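K.L.:
Before anything else, here's the structure in question.
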Amino acid sequence: MVHQKGRIVYYSPNLLAIRGIFLSEKEMHEFSNEMETTPMNATKLLIKEHAIILKVLDSLSSARNHIENGRLPEKFFFEQAVRFSRDFSDTFHHFKEEFLMFGMLAQKKEGDIDLEIGALRYQHEKCRGFIKGIDASLKGYGEKDELSITMLLENLAPYISLLRRHIYQENHLFFPLVEQSLTEMENQYLLEQFAKEEERFGGKTVFVTGKGQADELARMVQEIAGGI
C-alpha cells in the first residue's frame, strides 16, 4: 500500500521512497535486527529519535541563515519540515514522552518532580505553537510576502532554540533521572507501551520514514548552499 503526502512517498511495510531514496526489504530487515539486538532501554530509544529531530533542526537553522542572507528556500522545504515536526516530533515522539514516560514518572515520584515534568510539557506546547505559526506563514511566504517571511522567522528562531535546549535537558538531565528511577521491569513495560504506540503509526517503518525525511531536508538545504 502506498500513501502519498506531498512529494514524500511512504511504502509499508517493505519499501520506502523519498524522492529517489529507496529502502529495500533487506535494508528494512537489517534495521529491524539492529533495533532488536542493540541493548535498549526507553530513554536510549528516545535519544535515537532525538538525533533525527536534531538533524532537522540543523537543516532549519541553515534555512533560517539563508533567509537572513536573502536566499529563500522553496516553500516545499518548510511544508515538509512542518509535516515532520507534527508527525514524527510531536504526534509520535512527544506523545511517548508526555503520556507514557512522564505519566509513569509522575506516579512513581508522587509529585516530587511535577515541576520538572510540567516545564517539559510546557516546552512541547510552545513548540506546537511555533509550528502552527510557521505553517500559517507559508501561503504568503510562497508569494514572497515580506510580512509572511517575517512571521516565519519570528516563529522559526525560537522553535529551533527552544527545542534544542529541551532535547539537551532531556538527554543530559531528565533521562538519567529516569534511568535511576525505573526498575528493569518498569523499563520493559515502558518499552512495550512504546512498541504498541509504534504499531499505531505503522511499526518500525515510522522511524525509518522520519530518518528519510530528515535526510531529505538536509539534502534540500545543501542544494541551496551549493547554488551560492
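Computed from the coordinates by the stated procedures, all read-outs in this text should not be read as laboratory data. Since the structure is predicted, the reported quantities are computational estimates derived from the model, not experimental observations. No Cβ is skipped: glycine too gets one built from the backbone with ideal geometry, and neighbour counts run over all protein chains shown.
K.L.:
Sorting check: for 184-193, 78-87, 148-157, which peptide has the highest mean count of neighbouring beta carbons within 10 Å, and how do the rest follow?
P.N.:
Sorting 184-193, 78-87, 148-157 by mean packing, highest first, produces 78-87, 148-157, 184-193.
K.L.:
Among the trypsin sites (Lys or Arg not before Pro) within the range 120-192, which fall in a DSSP loop and have no more than 16 other Cβ atoms within 10 Å of their own Cβ? The partial results should precede the final answer.
P.N.:
On the way: sites: ARG121, LYS126, ARG128, LYS132, LYS139, LYS144, ARG164, ARG165; in loops: LYS144.
Listed in order of number, the matching sites are LYS144.
K.L.:
Would you please classify the overall shape of the range 85-137 from the alpha carbon gyration tensor, given that a ≥ b ≥ c denote the square roots of the eigenvalues, rounded means a/c under 1.5, and beyond that prolate means a/b larger than b/c while oblate covers the rest?
P.N.:
Oblate, since a/c reaches 1.5 and b/c is not below a/b.
K.L.:
On a straight-distance basis, which lysines could pair with LYS132 in a cross-link, Cα separation under 18 angstrom, same-chain partners fewer than 8 positions away excluded?
P.N.:
Within reach: LYS75.
K.L.:
Just to check I understand the Karplus step: with θ = phi - 60° and J = 6.51 cos²θ - 1.76 cosθ + 1.60, what whole-Hz values come out for the range 50-65, glycine and proline as x?
P.N.:
Values per residue, Gly and Pro as x: 4, 4, 5, 4, 4, 5, 5, 4, 4, 5, 5, 5, 5, 4, 4, 4 Hz.
K.L.:
Near LYS196, which lysines are there with a Cα under 19 Å away, not counting those fewer than 8 places off in the same chain?
P.N.:
Leaving aside lysines fewer than 8 places away in the same chain, those within reach of LYS196 are LYS44, LYS48, LYS96, LYS204.
K.L.:
What do you get for Rg/Rh of the range 41-226 when both radii come from the Cα atoms and Rh is the Kirkwood radius?
P.N.:
That ratio is 1.01, to two decimals.
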